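The values are calculated or read from the model by the stated rules, or taken from the named source; none is laboratory data. Predicted model, so just to flag it, every value in this text is computed and none were measured. Virtual Cβ from ideal backbone geometry, glycine too; neighbours counted across all protein chains shown.
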There are 6 protein chains.
Amino acid sequence: MTVELNAARAGGRAPNALRAVTITRNYTRHAEGSVLIEFGGTKVLCTASVEEKVPPHKRGSGQGWVTAEYGMLPRATHTRSDREAARGKQSGRTQEIQRLIGRSLRCVFDLSLLGERTIALDCDVIQADGGTRTAAITGAYVAAHDAVTWLLAQGKITQSPIRDAVAAISVGIVGGVPLLDLEYTEDSACDTDMNVVMTAAGGFVELQGTAEGVAFSRQEMNALLDLAEQGITDLLAAQRRALGI
Amino acid sequence: MTVELNAARAGGRAPNALRAVTITRNYTRHAEGSVLIEFGGTKVLCTASVEEKVPPHKRGSGQGWVTAEYGMLPRATHTRSDREAARGKQSGRTQEIQRLIGRSLRCVFDLSLLGERTIALDCDVIQADGGTRTAAITGAYVAAHDAVTWLLAQGKITQSPIRDAVAAISVGIVGGVPLLDLEYTEDSACDTDMNVVMTAAGGFVELQGTAEGVAFSRQEMNALLDLAEQGITDLLAAQRRALGI
Amino acid sequence: MTVELNAARAGGRAPNALRAVTITRNYTRHAEGSVLIEFGGTKVLCTASVEEKVPPHKRGSGQGWVTAEYGMLPRATHTRSDREAARGKQSGRTQEIQRLIGRSLRCVFDLSLLGERTIALDCDVIQADGGTRTAAITGAYVAAHDAVTWLLAQGKITQSPIRDAVAAISVGIVGGVPLLDLEYTEDSACDTDMNVVMTAAGGFVELQGTAEGVAFSRQEMNALLDLAEQGITDLLAAQRRALGI
Amino acid sequence: MTVELNAARAGGRAPNALRAVTITRNYTRHAEGSVLIEFGGTKVLCTASVEEKVPPHKRGSGQGWVTAEYGMLPRATHTRSDREAARGKQSGRTQEIQRLIGRSLRCVFDLSLLGERTIALDCDVIQADGGTRTAAITGAYVAAHDAVTWLLAQGKITQSPIRDAVAAISVGIVGGVPLLDLEYTEDSACDTDMNVVMTAAGGFVELQGTAEGVAFSRQEMNALLDLAEQGITDLLAAQRRALGI
Amino acid sequence: MTVELNAARAGGRAPNALRAVTITRNYTRHAEGSVLIEFGGTKVLCTASVEEKVPPHKRGSGQGWVTAEYGMLPRATHTRSDREAARGKQSGRTQEIQRLIGRSLRCVFDLSLLGERTIALDCDVIQADGGTRTAAITGAYVAAHDAVTWLLAQGKITQSPIRDAVAAISVGIVGGVPLLDLEYTEDSACDTDMNVVMTAAGGFVELQGTAEGVAFSRQEMNALLDLAEQGITDLLAAQRRALGI
Amino acid sequence: MTVELNAARAGGRAPNALRAVTITRNYTRHAEGSVLIEFGGTKVLCTASVEEKVPPHKRGSGQGWVTAEYGMLPRATHTRSDREAARGKQSGRTQEIQRLIGRSLRCVFDLSLLGERTIALDCDVIQADGGTRTAAITGAYVAAHDAVTWLLAQGKITQSPIRDAVAAISVGIVGGVPLLDLEYTEDSACDTDMNVVMTAAGGFVELQGTAEGVAFSRQEMNALLDLAEQGITDLLAAQRRALGI
């Protein structure tokens, strides 16, 4: 399969352009934070639930916990996938992604300011078109922020445990060209795929690069990181706009 | 808990009134049928996926199959529920509901006209406020109809296997008063809860009545069925409007 | 398959006749209540076990709990079924049935009079010939009654928590004829199948009707309920005879 | 706990006496062989099901297979045990027992005379009072014999694949005294427990001895084997009487 | 397959000879006891872990517990076996073996002298060539002994809970000849296979004999036990040499 | 916890020094490739098994497959971990690691030259002291190389499908100092942890960096990559020495 990307990127998108990003808060009614985030055709519902309990390893510590789970509706994808609940277990891919989301969010939380409670982030993909894990992290931050605002309004905490903002984007090399924010057809065709998670302060939280078939050079990696830094700057701005801060 | 329903039904709703029903087709992109159905605050995404295979008991029969799976996002409800995929199994309630949806839809299909393929209906509750299983059946019918239209357009079948329309509604007795289309607070307070599935031709497909604490009389049952027949008539009209038929 | 039922009902049974009902108490030695119930060729062993604990949602409530589990021996049926313990999970059908039995029995119990203890009802099908769930409910009531008598005799409770008797029967339409208490060949051939659970006071506890292929009318439903009411009256009498009350 | 056995063996049973053995053929209706076997208060239903398939390692071999599964109804015992189907797995004890039954029966079968089919033996304990696995083996042989008779009558095989009869008994040392056929209270109190499986030709098929707390001497083992040989002789006679051969 | 054993036993080994036995203590670094035991080509790593907790049935009893788990690396065997962790359950064989190891070790422990703590024995087969369960028992004893020495040195206990030494060996009849310590090719060809567990005091702890195809006589059993007693005497000496006692 | 690393690195190791690397081929007998690799106190047994089958998505493709599984013996670590086979599932961490190993090895294979067969790599940690996944990748390459040599010697393939060598190392920042090849105490104390997989040709195959608490800068990342490149060069040399090429 030949992918002529400069010519063909969907909608004439530039290699260094994000897809349209939409962040809708209060998307559902019950959760303390509920955000639908869209990266083009990728739509992920991120809810933040406050639970007055912590996992065993945090009991009695005075500290809270932030955790994440990830799922994909069976027909979020081009062809129907088995429902994980029916198969009786989560795939390795699902577990890998939800561990990534959890680590990324915990990195910007001061757990001792949260008190002995949990913020549970559920990221469910309604429609998939590449970049679901990066959209999930970016949206989960906004949902977590709303849950913290709720905790402050309820008087359950008096100081925000959020130390920094966090967002994520994918980058990759397709047909030799470094591209920002891969959609599904690009992701399938790419030689190298990298997911980058960064804070507003400019540091890396997670960095996961994978060569698909051909190893990548340090120079290529640097080009990808340049793209990612720029994209994440835009996502952090979109988060602030959505939160009105 | 005392529920003064004539006075207090949310939004001044009459005992025999449905909540606002909204049916949005093509809600997501990939499925052959994709419908978001809303019964007031209850929102269920119903997708219909065409798969060119049948389960073992239909192989070689020349007949197709219609099946359903049901799920609820963890924070669709007031308090977060465990994710079934993480727990490693579907609850008895989930299995009961998805079997009900499957039977209800199969009842209006001529499986021999479908050919040896499956229509898989996925009903995922995005937000719950009572009546999720009846919304799922009502929405799944529309999604299945769209999938059949797609099959006809593709030339995969030449005649529709759909013999009749099907819709469902809940009814119940709360504080002695028969009510149509229970929302969550009513469902929790009710003495008797009945789910009714009917066809456009006026027949019953499924009828599941449960007394919560106090058994119900035949007279009460008849009052509930009168309500249900009326509500289903309205739902069938809403389906036709949504489908433009 | 053509079923000429007036002519052919096994043993010349009338459409409105139950099969021979046999209730044997103290069938096994260890359980506080142990009943073998037979509806013709259907044989279900129902044991009631008193356990001095309650599930989490009842702890500290001062109330008890009544629950049920259902199983079928692998060769209770015409052809051998997989053993659920070996497959590693209970089928959806099994879960549906055991939830039905539990709800039906709880409906006649005043759980606050039971104290913080559980009556666990195990309904195991030794031989199946249709109507296993209705036989299970009818027999489980007798076993539960024996367990309550034991609790009273032990001085663990001073007042019976049983408020009413409960029994169940299946009805269905086969070849256009409403029939009471379907046996396996009738159940397989029927257009409509309904399981009805009623109390001695005459109220409905559960009502589950399913159309197999053809929807049923309200008139047909009324004919079925007439049959069911009559059959349940006979079953309640058989329970009383077995209990000597 | 002191057990004075010569004085106290239930019903004045002699150390070398079996409990009453009852073998009821055709106990249930559907299986090709169906036997209820009772060793005193221990009751096991053994069914033999003929299946026209073999497990993968026998496919295309021209040989058949004999296999066994074992289960215990939840309230077969003094206190209720969890249902294995509900827990989602069979215990190590259950697997150990069903593997023992399967090996014991295969030892008397010429699998090449069975043809490519399986005899599946289901041994379900209705009531337990010690010795369930030995009763299961002894009863399963009779059920398997009936299934073979059915296969011959159907013309599916022309020569019996059964080469010998097989039966089993438990023996143990309780309070220093070697005893035959332990019931539950004896089994709980014993120092050494041995299960012995033998053929009519007098050979050992399986021998499983376990010291509970105190190791046993070779002399003790010889005394136990003497008891077992005698008990198995009686069981083999009971099998022949039941089979009328 | 004809096995001419007197002529062909690998390396000219005599029928009553053990393979070379090697016991390496402190094989890994973290466990309180860590032993690699080799019976010829069979290599099992046995670790003993001290855990300051007991299973539920021992809580509050003042007594400790000794338990064992067994595993086989996927390519310990001639052809690769599925990894049990990936399949999601332990096989019946694995459970049978780990229960045997646990019982064998508990038999030589005075659990009341251990205090409320557990010694967990993990026996993992690195390379398999027959006799893995007997090597595991023999090695686990040495590892348990080292864990007890550690407990004494730590001052956690003041008296050893070990009452006796325990070791195990396999014996079998191959081509009519009784053989000690079967290796894989002999085990596959044998008519009768027996695993014998004995204490230094000369008593039997476990005895598991299985006929493969042909039942065995009492005389054959006696010949096998003679071989086993002799082999276990040698193994107990090897344990003492390894422990320097 | 303060870690003074220049002063305290175990054994006076320099920040840019690997621990002692030992690669032992033919460590076990049955596998086509069997390698024990040691990075200091970390010991991983890597076996390569040739299987004449491929997973479903490769059937009929003419291509082979390379896959990996990872496990840790329960007491490979400081405190005993639950056995995954006993718990009934692999942890998210285990799945993440075995997916990483598989992708890393596939990246240097030309699957079309392998033919329709699988090389299954089993990486089992015998003793853990940090860096188990990087040791596993580095050792698995040597085992896979031996399996390919075996395939060539057997005449099953005529050309090696291995296109390049691959090795992996961990790097991290501890107390502000970039370190190569973290051992357990360093790994537990580090701010940033990165696993790097590279080929002999100098390209990156996988790159996984995680901030523990504090995000890392691009400059820090570059320092880490410099260390990693140097360490991998040494590991590739060690592989060649072990293979004698």
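I'm checking my understanding of the structure. Among residues of segment A:189-204 that are within 8 Å of chain F (Cβ to nearest Cβ) and farther than 25 Å from F:Thr199 by Cα, which one is modelled with the lowest pLDDT?
Residue satisfying both the conditions and the ranking: A:Gly202.
Given the residues B:Arg29, B:Arg25, B:Arg13, B:Arg59, which is the only one that is more than 14 Å from chain A (Cβ to nearest Cβ), out of contact with any Lys or Arg (no Cβ under 8 Å at 6 or more places or on another chain) and either closer than 26 Å to A:Met72 by Cα or at pLDDT 95 or above (or both)?
B:Arg25
Any idea which of B:Ala136, B:Ala153, B:Ala144 is without any contact (Cβ under 8 Å) to a residue 12 or more places away in the chain, among the hydrophobic types (A, V, I, L, M, F, W, C) and farther than 30 Å from A:Glu96 by Cβ? Outline the logic, then answer.
Working: B:Ala136 fails: without any contact (Cβ under 8 Å) to a residue 12 or more places away in the chain; B:Ala144 fails: without any contact (Cβ under 8 Å) to a residue 12 or more places away in the chain.
Among B:Ala136, B:Ala153, B:Ala144, only B:Ala153 is without any contact (Cβ under 8 Å) to a residue 12 or more places away in the chain, among the hydrophobic types (A, V, I, L, M, F, W, C) and farther than 30 Å from A:Glu96 by Cβ.
Is it the case that A:Leu207 is facing chain F (nearest Cβ under 10 Å) and touching a Leu at 6+ places or on another chain (Cβ under 7 Å)?
yes
Would you mind stating whether C:Val214 is more than 17 Å from C:Ala8 (Cα to Cα), β-branched (Val, Ile, Thr) and touching a helix residue (DSSP H, G or I) at 6+ places or on another chain (Cβ under 6 Å)? It would help to see each step written out before you state the result.
Numbers: more than 17 Å from C:Ala8 (Cα to Cα): yes; β-branched (Val, Ile, Thr): yes; touching a helix residue (DSSP H, G or I) at 6+ places or on another chain (Cβ under 6 Å): no.
No, not satisfied.
Taking the condition of being of a type outside the set (A, V, I, L, M) and buried (at least 22 other Cβ atoms within 10 Å of the Cβ), how many residues in segment E:147-177 meet it? First the steps, then the outcome.
Our first condition is that a residue be of a type outside the set (A, V, I, L, M); within segment E:147-177, this holds for E:149-150, E:154-156, E:158-161, E:163-164, E:170, E:172, E:175-176.
Subset that is buried (at least 22 other Cβ atoms within 10 Å of the Cβ): E:170, E:172.
Looking only at that region, the number is 2.
Within segment A:126-154, can you find the residues that are within 11 Å of the chain's Cα centre (by Cα) and hydrophobic (A, V, I, L, M, F, W, C)?
Once the filter is applied, which keeps residues that are within 11 Å of the chain's Cα centre (by Cα) and hydrophobic (A, V, I, L, M, F, W, C), segment A:126-154 yields A:Ala135, A:Ala136, A:Ile137, A:Ala140, A:Val142.
Just checking, does segment E:180-189 include any residue being in a helix (DSSP H, G or I) and over 26 Å from D:Arg163 (Cβ atoms)?
Yes, some residue in segment E:180-189 is in a helix (DSSP H, G or I) and over 26 Å from D:Arg163 (Cβ atoms).
Applying the selection to segment A:114-126, what residues are more than 17 Å from A:Ile169 (Cα to Cα) and either within 14 Å of chain B (Cβ to nearest Cβ) or part of a helix (DSSP H, G or I) (or both)?
Residues of segment A:114-126 more than 17 Å from A:Ile169 (Cα to Cα): A:114-122, A:124, A:126.
A:Leu114, A:Arg117, A:Thr118, A:Ile119, A:Ala120, A:Leu121, A:Asp122, A:Asp124, A:Ile126 - these are the residues of segment A:114-126 that are more than 17 Å from A:Ile169 (Cα to Cα) and either within 14 Å of chain B (Cβ to nearest Cβ) or part of a helix (DSSP H, G or I) (or both).
Could you please let me know if E:Thr77 is at pLDDT 95 or above, farther than 30 Å from E:Gly202 by Cβ and either surrounded by 17 or more Cβ atoms within 10 Å (Cβ to Cβ) or polar (S, T, N, Q) (or both)?
In short, yes.
State whether the residues of segment F:55-63 include one that is buried (at least 21 other Cβ atoms within 10 Å of the Cβ) and of a type outside the set (Ser, Thr, Tyr).
No: segment F:55-63 contains no residue that is buried (at least 21 other Cβ atoms within 10 Å of the Cβ) and of a type outside the set (Ser, Thr, Tyr).
Considering every residue within segment C:149-161, establish whether at least one is within 14 Å of chain B (Cβ to nearest Cβ) and either out of contact with any Lys or Arg (no Cβ under 8 Å at 6 or more places or on another chain) or assigned to a helix (DSSP H, G or I) (or both).
Checked segment C:149-161: at least one residue is within 14 Å of chain B (Cβ to nearest Cβ) and either out of contact with any Lys or Arg (no Cβ under 8 Å at 6 or more places or on another chain) or assigned to a helix (DSSP H, G or I) (or both).
Could you list all residues from segment B:196-224 that are on the phi > 0 side of the Ramachandran plot and either part of a helix (DSSP H, G or I) or over 21 Å from the mean Cα position of the chain (by Cα) (or both)?
Within segment B:196-224, just B:Gly213 meets the criteria.
Can you work out which of the residues in segment D:64-74 that are under 22 Å from C:Glu51 (Cα atoms) and facing chain C (nearest Cβ under 7 Å) is surrounded by the fewest Cβ atoms within 10 Å (Cβ to Cβ)?
Checking each candidate, the answer is D:Pro74.
With respect to the numbered conditions (1) touching a Lys or Arg at 6+ places or on another chain (Cβ under 9 Å); (2) surrounded by 23 or more Cβ atoms within 10 Å (Cβ to Cβ), which one is the sole condition not fulfilled by E:Glu212?
Failed condition: (2).
Got at least one residue in segment A:83-97 being closer than 24 Å to A:Ser160 by Cα, touching a helix residue (DSSP H, G or I) at 6+ places or on another chain (Cβ under 9 Å) and more than 7 Å from every other protein chain (Cβ to nearest Cβ)? Talk me through it step by step, then tell me what you get.
Within segment A:83-97, the first condition is being closer than 24 Å to A:Ser160 by Cα, and the residues that meet it are none.
Scanning segment A:83-97, I find no residue that is closer than 24 Å to A:Ser160 by Cα, touching a helix residue (DSSP H, G or I) at 6+ places or on another chain (Cβ under 9 Å) and more than 7 Å from every other protein chain (Cβ to nearest Cβ), so the answer is no.
Suppose we filter B:Thr22, B:Thr47 for residues that are surrounded by 19 or more Cβ atoms within 10 Å (Cβ to Cβ) and polar (S, T, N, Q); which single one remains?
Matching residue, one of B:Thr22, B:Thr47: B:Thr47.
Could you please find all residues in segment A:211-223 being out of contact with any Phe, Trp or Tyr (no Cβ under 8 Å at 6 or more places or on another chain) and touching a residue at least 12 places away in the same chain (Cβ under 8 Å)?
A:Glu212, A:Gly213, A:Val214, A:Glu220, A:Ala223
Does segment B:46-53 contain at least one residue that is under 20 Å from A:Arg75 (Cβ atoms), over 14 Å from the mean Cα position of the chain (by Cα) and polar (S, T, N, Q)?
Yes, some residue in segment B:46-53 is under 20 Å from A:Arg75 (Cβ atoms), over 14 Å from the mean Cα position of the chain (by Cα) and polar (S, T, N, Q).
What about F:Asp181, is it at positive phi, of a type in the set (D, E, K, R) and out of contact with any His (no Cβ under 7 Å at 6 or more places or on another chain)?
So F:Asp181 fits the description; yes.
Determine whether B:Leu111 is under 30 Å from B:Gly11 (Cβ atoms) and over 14 Å from the mean Cα position of the chain (by Cα).
On the way: under 30 Å from B:Gly11 (Cβ atoms): no; over 14 Å from the mean Cα position of the chain (by Cα): yes.
No, not satisfied.
Examine segment A:225-235 for a residue that is within 13 Å of another protein chain (Cβ to nearest Cβ), at pLDDT 95 or above, within 16 Å of the chain's Cα centre (by Cα) and part of a strand (DSSP E or B), and state whether such a residue exists.
no
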